[in-house]
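See below for the structure under consideration.
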Amino acid sequence: MKAPRLFQLTALALVLVSAVEVGWWLLDQHRFAVDKVREMHQLYAQQVVAAQALLVAGAGAARVHALLPSVIVTNQHAALSPDVDRQLIAEEQRHIAQYAWEGSFFIIALAACIAVIARALRAEARVIQEQESFLALVSHQFKTPLASLQLSLETMAMRPLSPEHLRALIDRMLADLARMESMVTQILESMRLDRGRIDLRSEPVDLGGAVARVIAGFEERAAKDRIAVSADIERGLQVMADPLALDVILRNLLENALAAVAPVGGGSIAFTGRRTAGGEVELAVRDSGVGFRPGDAARLFQRFTRLHSGGGGSRFGTGLGLYIVRRLMQLSGGRVGAQSDGAGQGATFVLTWPAGESRQASLPGATDVEPLAPGPAPREHS
Amino acid sequence: MTKSSGTILDGDSRPEGRGAGTEPRSVPAEHTRHILVVEDDPHLAAGVVENLRAEGYEVDFVGDGQRALEWLRGKSCGLVLLDVMLPQPELDGFTVCRTLRERGDNTPVLFLTARGDPADRVRGLEAGGDDYLAKPFHLRELLLRVRAILRRWDWYRSASAADGAVLRFGGNEVDFRAFRARSWNGMAQELTEKEAMILKVLAERPGEIVSREDLLERVWGYDVFPSTRTVDNFILRLRKRFERDPANPRHFLTVWGVGYRFMTEGES
């Protein structure tokens, strides 16, 4: 068990014991007050008996009252003064009320401590569970390219191969290595995004120019897969964004669209940018690819989600690209959504930036911030 | 259970529960050289396909569970290499295998998966898989296991042909080809592949002692299950199906510390 957790559990145990102690103290004090009042009653009762004895011995009522002021005499009969009785009851109630207030305060304070510690413990357990499940997911993701690498190497070792086949295997292995490198980059990026250790600038960026630059980087690949990529962005349309983050977002979306269109033997990808009536900036990326079932839209943006294989092609997804898009859009104050009419119906991803002024975006409570580093083009399947 | 007065080959002798409403089951047809690879990673699929083809197998491959089920509805093959983590989570490898079994398809399944812990192995075998190989795997081991599974089914198929198709003992009647039986009290029974194979191994050597390890080797392969207790559980199931008094078996006898002896005539 880690030291902080042991400390938390010890503190929790101490607080619990203290709460029980306070409860016990409260009960004990209550009992003490009741006992004290009962003792006082007994003492006053003795005074009444003494007064009655004096009366019988012939002492006058005034004399008796002077000697025993708590006693009143009526018709030669001694009794405790009602004022004294009321005082005793009032004293008892005052003490009980005082203990109740003080006890309740301590109990509430201790309960608050318990709640805070228990919450911290639960949060820590959740973090540990998430880390473990993330590690499990990551290791599973790596096993497939590793298996492919091992298979290629063992094939080379086991079989006589033609130079062409050998070249194909080497290309496959290089692609597997590139895939693993891309996964490492994206995993590190997603972890930084999760921890909030990222500082996004917010400055006016020309959306048309940003889209054009990203498309230009993928021209060769799009042409090879017979995919027509077009952009129709309103002239002068600007978004408040971090230029590097925007580049990562657009690259991921285009990678995703290319991977979705390639398996169906080619098609089109269209970027459409406009300002909405409400002043928001909206960028839609529509593809004619494999699409997805409408119910899967939310799941697309979760880590390690891959809804379809690359068919017989050579595209791979790490399952992190769209997750990174969502996180970067969240940090930029924007949002992203996906829509498809079903498998084979293509898909549309819509980015929305709010109308408004330039502002700094970072996660609440973020410390030790780092600038967003440009990484290799992420790869993802829709 | 449904009682039937006909022979065990009657179509109405299907028990309730498993198999009810499904297509008739039978020994997979002789397509032992034809393998279907279900793998969503194109590189890994290509590597597996190339190597299997180099070994002389006829190979097809698909990238997800839906296509696998569609392919297997229209065609048959001798073995399915099935990745567990497929793109549609609701149709992973386990579900595909379970669906196949439910619709009466006994095509052997070898799971390929990134998850290699014992719990997942057991899950795979419970889903009706024949073997389990964790990624990354050695090529030679993959080929060895493919050969072993196909050999097991070759043996079962040839042993269940003609003379060996039906086994009669103690009033019970077993049809190995249809995976069906009628027990001594007239109850129709539907056997699992493993039950049928265990029965077949025992029936080939009546009166002889067959060790648990031998049964494991012949029916599952060498290292699939964590313990030989699995065999004991299957024997218990066979006793329940075919013994008049399962607590005092006369056909499936335990030889303590060694294995089992099968008596066709029964032994008191």
| Rg in Å to one decimal, and Dmax rounded to a whole Å, for segment B:34-159 via C-alpha atoms | 13.2, 39
| field | For q = 0.10, 0.24, 0.26 Å⁻¹, Debye-computed log10 I/I(0) when each Cα of segment A:40-124 counts as one equal scatterer | value | -0.47, -1.04, -1.12
| task | With r as the distance between the Cβ atoms of A:VAL20 and B:ARG140 and R0 = 51 Å, compute the FRET efficiency 1/(1 + (r/R0)^6) and round to 0.05. | result | 0.20
| For segment B:163-262, diffusion coefficient by Stokes-Einstein and Kirkwood Rh (Cα), 10 °C, 1.306 mPa s, µm²/s | 116 µm²/s
| said: Run the numbers for A:ARG94 and A:ALA228: contour at 0.36 nm per residue of separation, minus the present Cα-Cα distance, in nm. | reply: 39.6 nm
| Size of chain A along its principal axes in angstrom, Cα-based, largest extent first? | 135, 61, 39
| Taking N as its residue count, the alpha carbon Rg of segment A:200-353 over 2.2 N^0.38 Å | 0.98
| query | In nm, to one decimal, how far is the A:ILE108 label point from the A:ARG86 one, both placed 7 Å along Cα→Cβ? | reply | 3.2 nm
| said: Inside 10 Å of the C-beta atoms of B:51-64, what's the mean count of C-beta atoms belonging to other chains? | reply: 2
| message | Tell me whether segment B:34-91 comes out rounded, prolate or oblate; compute the Cα gyration tensor, take square roots of the eigenvalues as a ≥ b ≥ c, and use a/c under 1.5 as the rounded threshold. | response | oblate
| By per-residue mean of other Cβ atoms within 10 Å, what is the highest-first order of B:107-114, B:241-248, A:334-341, A:225-232? | B:107-114, A:334-341, A:225-232, B:241-248
| remark: For A:THR74 and A:MET158, extending 7 Å from Cα along the Cα-Cβ vector and measuring point to point gives, in nm, a value of 11.2 nm
| request: Pop the C-beta distance of A:VAL116 and A:VAL34 into the FRET formula with R0 = 41 Å and round what comes out to the nearest 0.05. | output: 0.70
| said: Between A:GLN345 and A:ALA62, what is 0.36 nm times their sequence separation minus the Cα-Cα distance? Round to one decimal in nm. | reply: 90.9 nm
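Throughout, read-outs are computed from the coordinates displayed, never taken from laboratory work. What you are looking at is a predicted structure, and each value in this text was computed from that prediction instead of being measured. FYI the Cβ positions are ideal-geometry reconstructions off the backbone, even for glycines, and counts take in every protein chain you see.
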